[in-house]
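S.K.: Supplied in structure tokens, the structure appears directly below.
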Amino acid sequence: MAGGTKETGGGDGCGSEPESSDSMRTFGAMVQALREHAGLSREQLGEHVRYSKHMVASIEVGRRMPPVDFAERAEPVLGNTGALRRSVPHLARRPGLARWFREWARLEKEAISLYTYECRLIPGLLQTEAYARTLFMHQLPPLGSEQIEAQWEARAQRQRLLRERENTAFSFILEEHLFLRQMGGAEVTRELIDHVLEIAEQLNVEIQLMPQVRRTHAGLDGPMQLLETPENQWFAYNEGQRGGLFISDPKEISVLQRRYARMCAQALTPEDSTSLLQQMRGAL
């Protein structure tokens, strides 16, 4: 797992660059030592791992977190000792790294499956501009007007995934109370419900509501996101008040997958969810 500075309102914020940590510097020094022992330049190693020499340099000096696939690609050309692979989980336990969400966003662009459960707010991929701006304008500490514009621009760009990734399976489980709260007022909520209903018509999108009254619930530990890469690797990303967790450990992901599967069975069907949304829309 890896900690990350919280990205505002569903994962699309203006996270700052992470500060270097002891674990990042130690990992970088190990990469440099193994690279020099293998007689490779940074540029040559970059060609093997499919990243630039500048990325390799930043990792070696502890300025950047290695991408999730860096260690696996580097191991065969750096002696296959397993040292890098074994070091990654310890890196992942360090706090305060906003870059992990940017790594998640990169993986999202190629994902073939993307599952999201939310109990706090409407996920960024489903938000309308009015709903998103409501979140931005009431954030603490306050955001400036330029920051708000930048956040919305980034969110709107990310939302293109739903339209452009027609072969990606998107699944959303949303708590009913997210709409009942009427964030931003009745008009904002009406527009939001219309928007969600429109997205739900896409063949590659499935939206389910978790009813307000439910005797059992597998998602009580909080929101989660799961994705599957074209290589059939699974990753997860969870957020809290001031931090995020990027998860690559298969055992941890297996737990989250089982919980998500249980929630799919506990939530309303997509058809019943659409009916409930229409009822809520009519009551506004």
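S.K.: Filter the stretch 194-213 for residues that are touching a helix residue (DSSP H, G or I) at 6+ places or on another chain (Cβ under 9 Å) and farther than 22 Å from Arg165 by Cα; which is most open to solvent (accessible area, probe 1.4 Å)?
M.R.: Ranking the candidates gives Gln212 first.
S.K.: Do you know which residues across the stretch 233-268 are within 24 Å of Lys109 (Cα to Cα), polar (S, T, N, Q) and at pLDDT below 95?
M.R.: Matches in the stretch 233-268: Gln233, Asn238, Ser248.
S.K.: Using the structure shown, decide if Met24 is closer than 26 Å to Gln233 by Cα and assigned to a loop (DSSP other than H, G, I, E, B).
M.R.: On the way: closer than 26 Å to Gln233 by Cα: yes; assigned to a loop (DSSP other than H, G, I, E, B): no.
It is false that Met24 is closer than 26 Å to Gln233 by Cα and assigned to a loop (DSSP other than H, G, I, E, B).
S.K.: Please go through (1) touching a residue at least 60 places away in the same chain (Cβ under 8 Å); (2) part of a helix (DSSP H, G or I); (3) open to solvent by 50 Å² or more (accessible area, probe 1.4 Å); (4) under 19 Å from Asn204 (Cβ atoms) for Leu107 and return the number of the only condition it doesn't satisfy.
M.R.: Looking at each condition in turn, Leu107 falls short on (3).
S.K.: Additional query: Which one of the conditions (1) crowded, with 19+ Cβ neighbours inside 10 Å; (2) touching a Leu at 6+ places or on another chain (Cβ under 7 Å) does Gly184 fail to meet, given that it meets all the rest?
M.R.: Unmet for Gly184, out of (1) crowded, with 19+ Cβ neighbours inside 10 Å; (2) touching a Leu at 6+ places or on another chain (Cβ under 7 Å): (2).
S.K.: A further question follows. What about Leu114, is it within 20 Å of Asn238 (Cα to Cα) and either in a strand (DSSP E or B) or under 15 Å from the mean Cα position of the chain (by Cα) (or both)? Before you say what the answer is, go through the steps one by one.
M.R.: Working: within 20 Å of Asn238 (Cα to Cα): yes; either in a strand (DSSP E or B) or under 15 Å from the mean Cα position of the chain (by Cα) (or both): yes.
So Leu114 fits the description; yes.
S.K.: Out of the stretch 214-233, which residues are acidic (Asp, Glu) and open to solvent by less than 90 Å² (accessible area, probe 1.4 Å)?
M.R.: Of the residues in the stretch 214-233, the ones acidic (Asp, Glu) are 221, 228, 231.
Glu228 - this is the single residue of the stretch 214-233 that is acidic (Asp, Glu) and open to solvent by less than 90 Å² (accessible area, probe 1.4 Å).
S.K.: For the structure I just gave you, tell me whether Glu271 is open to solvent by 70 Å² or more (accessible area, probe 1.4 Å) and under 30 Å from Arg86 (Cα atoms). Please lay out each step first, then the result.
M.R.: Numbers: open to solvent by 70 Å² or more (accessible area, probe 1.4 Å): yes; under 30 Å from Arg86 (Cα atoms): no.
The answer is no for Glu271.
S.K.: Among (1) more than 24 Å from Val68 (Cβ to Cβ); (2) outside any helix (DSSP H, G or I); (3) in contact (Cβ under 8 Å) with a residue 60 or more places away in the chain; (4) not aliphatic (A, V, I, L, M), there is one condition Glu191 misses while meeting the rest; what is its number?
M.R.: Status for Glu191: all satisfied but (2).
S.K.: Filter the stretch 68-93 down to residues that are of a type outside the set (A, V, I, L, M, F, W, C) and open to solvent by less than 10 Å² (accessible area, probe 1.4 Å), then give me how many there are. Quick ask: steps written out before the conclusion?
M.R.: Quick first cut of the stretch 68-93, residues of a type outside the set (A, V, I, L, M, F, W, C) only: 69, 72-73, 75-76, 79-82, 85-87, 89-90, 93.
Of the ones still in play, those that are also open to solvent by less than 10 Å² (accessible area, probe 1.4 Å) are 75, 82.
Counting residues in the stretch 68-93 that are of a type outside the set (A, V, I, L, M, F, W, C) and open to solvent by less than 10 Å² (accessible area, probe 1.4 Å) gives 2.
S.K.: Sticking with this structure for a sec: Residue by residue through the stretch 111-170, note down the ones that are surrounded by 19 or more Cβ atoms within 10 Å (Cβ to Cβ), basic (Lys, Arg) and either in contact with a strand residue (DSSP E or B) (Cβ under 8 Å, 6 or more places away or on another chain) or without any contact (Cβ under 8 Å) to a residue 60 or more places away in the chain (or both).
M.R.: Arg133
The values are calculated or read from the model by the stated rules, or taken from the named source; none is laboratory data. Just so it is clear, the structure is predicted and the values come from calculations on it, not from any experiment. Cβ: placed from backbone, ideal geometry, glycine included. Neighbour counts: every protein chain shown. Please note that ligands, DNA and RNA were not included when accessible areas were found on the heavy atoms of the full protein model with its side chains. Shrake-Rupley method; radii C 1.70, N 1.55, O 1.52, S 1.80 Å.
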